[in-house]
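Taking it in order: structure first as structure tokens, then the write-up.
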Amino acid sequence: MQLPDLKEDCSRCAALCCLAYPFEAEENFAILKEADSPCPNLGQDFRCKIHTDLIPCGFGGCVAYSCAGAGQRVTQILFKGKSWQDDPDLLPHMTYALRLLRPIHEALLVLQEIEALDLPPELRAQCTTLTLALCPEDPKTIWEFEDKNLQEALAELPDFVEAIAPFALDSA
Ligand code: SF4
């Protein structure tokens with residue numbers, strides 16, 4: 001099993017996070033925005049035009065955000081480096097893929113933290129099983145991430161986190 005890169009690399013992404021998600025009133029964004037529409041602060045070069053001033057400009061939500069490496073995986077692996085700017089028909093497919101992969105990458109980050117704990121064998125085995133289920137071998141399409149077993153493993157994570165909580169507290 002090979003874990004995907006779980007750290008974001010915006011230089012290899014097509015700015016999908018600045019496109020895929022809505023900005024909602026209760027969140028930390030200075031404007032409202034629909035899902036699947038580019039943020040007006042996004043430049044043609046996929047860079048944020050206010051990157052150094054996000055907090056004073058009211059975009060603290062962007063500072064707090066991480067795709068956990070899902071963005072570059074969608075762009076480079078699933079879409080082979082193509083971009084929605086060059087082919088607008090790709091836009092909903094790329095943003096759908098980001099919304100599908102991001103929770104999987106976030107779950108893998110959590111499982112990596114859990115793996116470092118001093119766990120009894122059965123919980124350690126469950127950690128490995130869940131990690132394996134979230135890592136399809138050499139995936140090439142979005143559909144491999146919609147796989148029933150993978151999605152069931154993702155749904156199991158909250159209960160698993162609850163089960164390991166006493167061991168996390170012990171190591172704190
Ligand atoms: S403010 Fe900048 S980082 Fe935030 S969504 Fe817009 S372009 Fe992206």
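Where a number appears in this text, it was derived from the coordinates with a stated rule and is not lab data. Computed from a prediction, not measured in an experiment: that's the story for all the values here. As a convention, Cβ positions derive from the backbone with ideal geometry for all residues, glycine included, and neighbour counts pool all protein chains shown.
Condition (residue is surrounded by 16 or more Cβ atoms within 10 Å (Cβ to Cβ), closer than 16 Å to Leu100 by Cα and within 12 Å of the ligand (Cβ to nearest atom)) applied to the stretch 30-38: is it met by at least one residue? Among the residues of the stretch 30-38, not one is surrounded by 16 or more Cβ atoms within 10 Å (Cβ to Cβ), closer than 16 Å to Leu100 by Cα and within 12 Å of the ligand (Cβ to nearest atom), which makes the answer no. Listed by first and then second residue, the pairs linking a residue in the stretch 1-20 that is in contact (Cβ under 8 Å) with a residue 24 or more places away in the chain and loosely packed, with under 15 Cβ neighbours inside 10 Å to a residue that is of a type in the set (S, T, N, Q) and part of a loop (DSSP other than H, G, I, E, B), with Cβ atoms under 9 Å apart and 6 or more places separating them unless they lie on different chains, are Lys7/Ser66. Does Gln151 count as more than 13 Å from Ile114 (Cα to Cα), assigned to a helix (DSSP H, G or I), in contact with a helix residue (DSSP H, G or I) (Cβ under 9 Å, 6 or more places away or on another chain) and not acidic (Asp, Glu)? So Gln151 passes the test. Under the condition of being assigned to a helix (DSSP H, G or I) and either buried (at least 18 other Cβ atoms within 10 Å of the Cβ) or free of Cβ contacts under 8 Å to residues at least 12 places away in the same chain (or both), which residue from the stretch 58-76 is farthest from the ligand (Cβ to nearest atom)? The selected residue is Arg73.
Any residue at all in the stretch 101-110 that is in contact with a strand residue (DSSP E or B) (Cβ under 9 Å, 6 or more places away or on another chain), assigned to a helix (DSSP H, G or I) and not polar (S, T, N, Q)?
no
Residues that are among the polar types (S, T, N, Q) and free of Cβ contacts under 8 Å to residues at least 60 places away in the same chain within the stretch 91-142 comprise Gln126, Thr128, Thr129, listed in sequence order.
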